[in-house]
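Down below is the structure, laid out as structure tokens.
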Amino acid sequence: MPLWYTSIGDEHRAVRGAAGLFDVSHMGLLEVKGPYATYFLNLVTTNDVSALRPGESQYSHFLAPDGRVIDDLMVYRTAPARYLVVVNAANTEKDWAWINAVNEREVRIDDLRPWAQTSFQADLLNLHDPDESYAWLADVALQGPRSRDVLLALLDAAPSSSALAEIRGRLLTLKRTEVMEVHIPSHRAPGGIFDLIIARTGYTGERMGFEIFVHPDVMGTLWKQLLEVGAPFGLRPIGLGARDSLRIEAGLPLYGHELAGPLDLRPDDAGFAGYVKLHQSFFVGRRAYVEHAQQRKMIVARFRIEEKGVRVPKQGDVVTERRGRVIGQVTSCALDTEGYLVGQAYLDQRNAEAGTEISIFPRPTREDWEKPYEELKVGDRLVMHNEATVVSRFLRRSR
């Protein structure tokens, strides 16, 4: 996945105005199945997996016993006893080792009850394991207001089949977070069929968007055909840069920035307490999570800088209130759809209300301060702070 194909700004606007196609095959994909799959996932994730029906999905987290975020993830229930779990690429090896260690009763899952362990085991499979090539899956994200039109065009381009009408109907009625498995005829696909898992999910903030799971051997063919049938709708390939700017504009967290990272941020810090279901009597990290939430005094907020052409704030840049008191630091920032800087910052929650004026001080470099303060003279340049305003926590999309 390149940083960009044309430019980050053009690709960002393409997704917001039409549709974009992302190669996210680097994401980790794990399978949890068997009669105890639901029990196991309720043990190791913060959300309530038992609330999912087949064909539904949810956002969740892996926590360590001390409440630290191991990763954030998506869980898709594709069958009564089968789940697809999508994790961050950089954390795949760590996540895989963690859930296997819990499953095999090799690690402590409760610091206050060191004897506690899972009562039942699930069947686990890494869908990128070289020894499991028959089961491999890769992820392609199709996001934007015209993304469903692109998928319908893929059906229109398929050879005539009695199954197409049913697939079209299911696609048109697929709700957000729902998932379906389909088999689309194709002259181009190996074996004449695209075997796909299609979920109406994504991480761009778009209300209309899909993630498509397909065997890697077929992914290249599917990619080319989607771009071909999607061209009339404005579909474009999108790089890593716009993937990041879209999620920042939407107010969505990224592991290492708004979750975990140098600030050790937890789900409630990021504004995602709703995905931690405390009605469950136990999941790994529950007690520590509750203790942290009860003491929390800061939270991630979204901000916007109305002046164009200023330096992009970086992770760790200091944030102050109007009188200069430090109230937090930047976690992410990028250009939004209109070309203004929008970002997220971890702030004292007393200053996190929408409409609050804040200042962001970029970390000075040697070029910024070539001289000691006492030696400054007329004509020397100093880096000024950026004035910003706290805005609503998440981007509101009308579609």
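The values are calculated or read from the model by the stated rules, or taken from the named source; none is laboratory data. The model shown is predicted, which means the values in this text are computed figures rather than measured ones. Methodologically, a virtual Cβ is constructed for each residue, glycine included, from the backbone with ideal geometry; neighbour enumeration extends over all protein chains shown. What goes into the accessible areas is simple: the full protein's heavy atoms, side chains included, and nothing from ligands, DNA or RNA. Shrake-Rupley method; radii C 1.70, N 1.55, O 1.52, S 1.80 Å.
Taking R393 as the residue in question, decide whether it is open to solvent by less than 40 Å² (accessible area, probe 1.4 Å), among the charged types (D, E, K, R) and touching a residue at least 60 places away in the same chain (Cβ under 8 Å). Spell out how you get there, then give the answer.
Working: open to solvent by less than 40 Å² (accessible area, probe 1.4 Å): no; among the charged types (D, E, K, R): yes; touching a residue at least 60 places away in the same chain (Cβ under 8 Å): yes.
Against the criterion (open to solvent by less than 40 Å² (accessible area, probe 1.4 Å), among the charged types (D, E, K, R) and touching a residue at least 60 places away in the same chain (Cβ under 8 Å)), R393 does not qualify.
Can you work out which of the residues in the stretch 323-352 that are in a loop (DSSP other than H, G, I, E, B) and over 25 Å from L246 (Cβ atoms) is farthest from the chain's Cα centre (by Cα)?
R323
Got a sec? Which of L52, L3, L84, L112 is open to solvent by less than 20 Å² (accessible area, probe 1.4 Å), touching a residue at least 40 places away in the same chain (Cβ under 8 Å) and of a type outside the set (S, T, Y)? Explain how you work it out, then say what you get.
Values: L52 fails: touching a residue at least 40 places away in the same chain (Cβ under 8 Å); L3 fails: open to solvent by less than 20 Å² (accessible area, probe 1.4 Å); L112 fails: open to solvent by less than 20 Å² (accessible area, probe 1.4 Å).
Unique residue meeting the criteria: L84.
Would you tally the residues in the stretch 176-194 being in contact with a strand residue (DSSP E or B) (Cβ under 7 Å, 6 or more places away or on another chain) and either open to solvent by less than 10 Å² (accessible area, probe 1.4 Å) or not charged (D, E, K, R) (or both)?
Residues of the stretch 176-194 in contact with a strand residue (DSSP E or B) (Cβ under 7 Å, 6 or more places away or on another chain): 177-186, 192-194.
If we keep only those that are either open to solvent by less than 10 Å² (accessible area, probe 1.4 Å) or not charged (D, E, K, R) (or both) as well, we get 177, 179-180, 182-186, 192-194.
Total satisfying the criteria: 11.
Read through the list (1) modelled with pLDDT of 95 or more; (2) touching a helix residue (DSSP H, G or I) at 6+ places or on another chain (Cβ under 8 Å), then give the number of the only condition that A79 fails.
(2)
Considering the stretch 271-307 alone, what residues qualify as being farther than 21 Å from G355 by Cβ, among the basic types (K, R) and more than 23 Å from the chain's Cα centre (by Cα)? Give the derivation first.
From the stretch 271-307, those farther than 21 Å from G355 by Cβ are 272-296; that's our starting set.
With the extra rule that they be among the basic types (K, R), the set shrinks to 277, 286-287, 296.
The answer is R287, R296.
Can you give me the ranges of the helices (runs of 4 or more DSSP H) entirely in the stretch 205-309 with at least 3 residues that are touching a strand residue (DSSP E or B) at 6+ places or on another chain (Cβ under 7 Å), open to solvent by 10 Å² or more (accessible area, probe 1.4 Å) and not acidic (D, E)?
By residue number, 216-230.
Hey, could you check the stretch 125-148 for residues that are open to solvent by 50 Å² or more (accessible area, probe 1.4 Å) and not in a loop (DSSP other than H, G, I, E, B) and say which is modelled with the highest pLDDT?
First, the residues of the stretch 125-148 that are open to solvent by 50 Å² or more (accessible area, probe 1.4 Å): 128, 130-131, 133-134, 136, 146, 148.
With not in a loop (DSSP other than H, G, I, E, B) added as a condition, the list becomes 130-131, 133-134, 148.
Details: P130: 92, D131: 91, S133: 89, Y134: 87, R148: 98.
Here the answer is R148.
What's the number of the condition T365 fails, among (1) polar (S, T, N, Q); (2) out of contact with any Asp or Glu (no Cβ under 9 Å at 6 or more places or on another chain); (3) within 19 Å of E306 (Cα to Cα); (4) open to solvent by 40 Å² or more (accessible area, probe 1.4 Å)?
Against the list (1) polar (S, T, N, Q); (2) out of contact with any Asp or Glu (no Cβ under 9 Å at 6 or more places or on another chain); (3) within 19 Å of E306 (Cα to Cα); (4) open to solvent by 40 Å² or more (accessible area, probe 1.4 Å), T365 comes up short only on (3).
If you go through the stretch 179-193 one residue at a time, do you hit one that is outside any loop (DSSP other than H, G, I, E, B), aliphatic (A, V, I, L, M) and modelled with pLDDT under 95?
yes
Which one of these does T173 not meet: (1) under 30 Å from L395 (Cβ atoms); (2) touching a residue at least 12 places away in the same chain (Cβ under 8 Å)?
Of the numbered conditions (1) under 30 Å from L395 (Cβ atoms); (2) touching a residue at least 12 places away in the same chain (Cβ under 8 Å), the odd one out for T173 is (2).
Being of a type in the set (D, E, K, R) and surrounded by 19 or more Cβ atoms within 10 Å (Cβ to Cβ) is the filter here, so list the residues in the stretch 29-39 that pass it. Lay out the reasoning, then the answer.
Quick first cut of the stretch 29-39, residues of a type in the set (D, E, K, R) only: 31, 33.
The answer is E31, and nothing else.
Kindly provide the set of residues from the stretch 11-28 that are touching a strand residue (DSSP E or B) at 6+ places or on another chain (Cβ under 6 Å) and hydrophobic (A, V, I, L, M, F, W, C), ordered by number. Walk me through it before giving the result.
Keep residues of the stretch 11-28 that are touching a strand residue (DSSP E or B) at 6+ places or on another chain (Cβ under 6 Å), which gives 11, 14-15, 19-22, 24-25, 27-28.
Once the filter is applied, which keeps residues that are touching a strand residue (DSSP E or B) at 6+ places or on another chain (Cβ under 6 Å) and hydrophobic (A, V, I, L, M, F, W, C), the stretch 11-28 yields A14, V15, A19, L21, F22, V24, M27.
Of the residues N47, N42, N91, which is within 14 Å of the chain's Cα centre (by Cα) and either open to solvent by less than 10 Å² (accessible area, probe 1.4 Å) or modelled with pLDDT of 95 or more (or both)? Outline the logic, then answer.
On the way: N47 fails: within 14 Å of the chain's Cα centre (by Cα); N42 fails: within 14 Å of the chain's Cα centre (by Cα).
Sole residue among the options that is within 14 Å of the chain's Cα centre (by Cα) and either open to solvent by less than 10 Å² (accessible area, probe 1.4 Å) or modelled with pLDDT of 95 or more (or both): N91.
Go through H26, H61, H12 for me and flag whichever is surrounded by fewer than 23 Cβ atoms within 10 Å (Cβ to Cβ), in contact with a helix residue (DSSP H, G or I) (Cβ under 8 Å, 6 or more places away or on another chain) and in contact (Cβ under 8 Å) with a residue 40 or more places away in the chain.
Working: H61 fails: surrounded by fewer than 23 Cβ atoms within 10 Å (Cβ to Cβ); H12 fails: surrounded by fewer than 23 Cβ atoms within 10 Å (Cβ to Cβ).
The match here is H26.
So is A153 among the small types (G, A, S), outside any loop (DSSP other than H, G, I, E, B) and surrounded by 19 or more Cβ atoms within 10 Å (Cβ to Cβ) or not? I'd like the intermediate steps shown before the answer.
Working: among the small types (G, A, S): yes; outside any loop (DSSP other than H, G, I, E, B): yes; surrounded by 19 or more Cβ atoms within 10 Å (Cβ to Cβ): yes.
Yes, satisfied.
Any idea how many residues of the stretch 271-300 are in contact with a Gly (Cβ under 8 Å, 6 or more places away or on another chain) and of a type in the set (A, V, I, L, M, F, W, C)?
The total comes to 4.
Residues are listed down the side, and each one gets a yes or a no for (1) charged (D, E, K, R); (2) within 19 Å of V383 (Cα to Cα); (3) in contact with a Phe, Trp or Tyr (Cβ under 9 Å, 6 or more places away or on another chain):
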site	(1), (2), (3)
E306	yes, yes, yes
S332	no, no, no
E338	yes, no, no
L341	no, yes, yes
L347	no, no, yes
R350	yes, no, no
A354	no, no, no
E357	yes, no, no
P364	no, yes, no
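Does L41 satisfy being of a type in the set (A, V, I, L, M) and under 17 Å from G202 (Cβ atoms)? Spell out the reasoning first.
Details: of a type in the set (A, V, I, L, M): yes; under 17 Å from G202 (Cβ atoms): no.
No: the conditions fail for L41.
Output yes when any residue across the stretch 162-171 is over 18 Å from the mean Cα position of the chain (by Cα), within 29 Å of R247 (Cβ to Cβ) and surrounded by 13 or more Cβ atoms within 10 Å (Cβ to Cβ), and no when none is. So that I can check it myself, show each step before the final result.
Within the stretch 162-171, the subset over 18 Å from the mean Cα position of the chain (by Cα) is 162-171.
Filter once more, so that each one left must be within 29 Å of R247 (Cβ to Cβ): 170-171.
With surrounded by 13 or more Cβ atoms within 10 Å (Cβ to Cβ) added as a condition, the list becomes 170-171.
Looking through the stretch 162-171, at least one residue is over 18 Å from the mean Cα position of the chain (by Cα), within 29 Å of R247 (Cβ to Cβ) and surrounded by 13 or more Cβ atoms within 10 Å (Cβ to Cβ).
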